[in-house]
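S.K.: I have a structure here, written as structure tokens, and I will follow up with some questions on it.
The values are calculated or read from the model by the stated rules, or taken from the named source; none is laboratory data. What you see is a predicted model, and the numbers here were worked out from it, not measured in a lab. Methodologically, a virtual Cβ is constructed for each residue, glycine included, from the backbone with ideal geometry; neighbour enumeration extends over all protein chains shown. In case anyone asks, the SASA skips ligands and DNA or RNA and just uses the protein heavy atoms, side chains included. Shrake-Rupley method; radii C 1.70, N 1.55, O 1.52, S 1.80 Å.
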Amino acid sequence: GAGARRVRPDPRLPIAILRVDPSFVAVEKPAGVPSHPRAAGELGTAANAIVARFPECAAASPDPREGGLVHRLDTGTSGVLLAARNAAVWPLLRAALSRPGCEKTYLAEVRGSPPDAGEASAPIGRVGRRGARVRVDGGRNPLPAHTTWEAIARRPDTTVVRVRLHKGRAHQVRAHLAAAGYPIVGDSLYGDGGAESLQLHLHAESVRFPHPESGALILIESAPPTWAKLGE
């Protein structure tokens, strides 16, 4: 049953706790760590670390592999990740994150020199086996997506941008920026050629959403990683 497939606790994985609320926890996922296991028994993911600290999260999500997570970040992406602490709050929290009132910001270091402000609103569909990649203005079942960004630090060959997601899809920030001609540093999947060895320079900086029970606006922020530190 579901109990056997639930995420196993992995106390060895250090994870920074950003917020503990009676109904959810917010953590800072390190870059290079998957959000949750793909198979039963797998260790070393953010969900394993969350369940080690908050065992109740293991029973909170409909899919037992998710360990209570209400959204996910790509393995290479660092930053804010949210998990529900009980099954009643999971659908409420998921709904709160998909409403227009929810705002997510990311920091990204991109190749080239984009204008001070930009936006993309082309729909995004999935391509490839099991929909492992996405395509802007194409692919299967394209869904509306809207991304805006502003340049916050210019470097000789790259620019750090702050990105706002107005409608969030898988790989949206990566695909929209690459389609605009500014692939994210370290993103071999979407066109940062020859950068296989580099870490993906994408960080989920903040999430603002209405509390699933009280409706009060919650803002959870995560400190910028080394590559995004301004003035360096």
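S.K.: Would you confirm whether or not segment 210-227 contains a residue that is polar (S, T, N, Q), touching a strand residue (DSSP E or B) at 6+ places or on another chain (Cβ under 7 Å), within 26 Å of Ile17 (Cα to Cα) and not in a loop (DSSP other than H, G, I, E, B)?
M.R.: no
S.K.: What's the total number of residues in segment 46-71 that are in contact with a Leu (Cβ under 8 Å, 6 or more places away or on another chain), aliphatic (A, V, I, L, M) and open to solvent by less than 10 Å² (accessible area, probe 1.4 Å)?
M.R.: The number of residues fulfilling the criteria is 6.
S.K.: Inside segment 134-153, can you point out the residues that are surrounded by 13 or more Cβ atoms within 10 Å (Cβ to Cβ) and within 18 Å of Gly118 (Cα to Cα)?
M.R.: If the condition is that a residue be surrounded by 13 or more Cβ atoms within 10 Å (Cβ to Cβ) and within 18 Å of Gly118 (Cα to Cα), then Val136, Ala145, His146, Thr147, Thr148, Trp149, Glu150, Ala151, Ile152, Ala153 are the ones that fit.
S.K.: Continuing with the same structure: Any idea which of Gly193, Gly168 is modelled with pLDDT under 95, open to solvent by 10 Å² or more (accessible area, probe 1.4 Å) and touching a helix residue (DSSP H, G or I) at 6+ places or on another chain (Cβ under 8 Å)?
M.R.: So the residue among Gly193, Gly168 that is modelled with pLDDT under 95, open to solvent by 10 Å² or more (accessible area, probe 1.4 Å) and touching a helix residue (DSSP H, G or I) at 6+ places or on another chain (Cβ under 8 Å) is Gly168.
S.K.: Something else about it: Does Thr77 satisfy the condition of being crowded, with 19+ Cβ neighbours inside 10 Å, in contact with a strand residue (DSSP E or B) (Cβ under 7 Å, 6 or more places away or on another chain), within 26 Å of Ala175 (Cα to Cα) and polar (S, T, N, Q)?
M.R.: Spelling it out, Thr77 is indeed crowded, with 19+ Cβ neighbours inside 10 Å, in contact with a strand residue (DSSP E or B) (Cβ under 7 Å, 6 or more places away or on another chain), within 26 Å of Ala175 (Cα to Cα) and polar (S, T, N, Q).
S.K.: Check whether at least one residue in segment 111-123 is hydroxyl-bearing (Ser, Thr, Tyr), touching a strand residue (DSSP E or B) at 6+ places or on another chain (Cβ under 6 Å) and surrounded by fewer than 18 Cβ atoms within 10 Å (Cβ to Cβ), and report yes or no.
M.R.: So far as segment 111-123 goes, yes, one or more of its residues are hydroxyl-bearing (Ser, Thr, Tyr), touching a strand residue (DSSP E or B) at 6+ places or on another chain (Cβ under 6 Å) and surrounded by fewer than 18 Cβ atoms within 10 Å (Cβ to Cβ).
S.K.: Hey, could you check segment 124-133 for residues that are open to solvent by 70 Å² or more (accessible area, probe 1.4 Å) and part of a helix (DSSP H, G or I) and say which is nearest to Phe209 (Cα to Cα)?
M.R.: My answer is Arg130.
S.K.: Follow-up question, since we're still on this one. Please work out which residue is modelled with the highest pLDDT, limiting yourself to segment 200-214 and to residues that are over 15 Å from the mean Cα position of the chain (by Cα) and open to solvent by 50 Å² or more (accessible area, probe 1.4 Å).
M.R.: Ser214
S.K.: Before we move on, is Leu217 surrounded by fewer than 17 Cβ atoms within 10 Å (Cβ to Cβ) and either aliphatic (A, V, I, L, M) or at pLDDT 90 or above (or both)?
M.R.: yes
S.K.: If you don't mind, there's one more thing I want to ask. Given the criteria open to solvent by 50 Å² or more (accessible area, probe 1.4 Å) and of a type outside the set (A, V, I, L, M, F, W, C), does Pro91 qualify?
M.R.: Here the answer is yes, as Pro91 does meet what is asked.
Rundown of residues vs (1) loosely packed, with under 12 Cβ neighbours inside 10 Å; (2) of a type in the set (A, V, I, L, M, F, W, C), yes/no style:
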position	(1), (2)
Gly3	yes, no
Arg6	no, no
Pro9	no, no
Pro14	yes, no
Leu18	no, yes
Ala26	no, yes
Ala31	no, yes
Arg38	yes, no
Leu43	no, yes
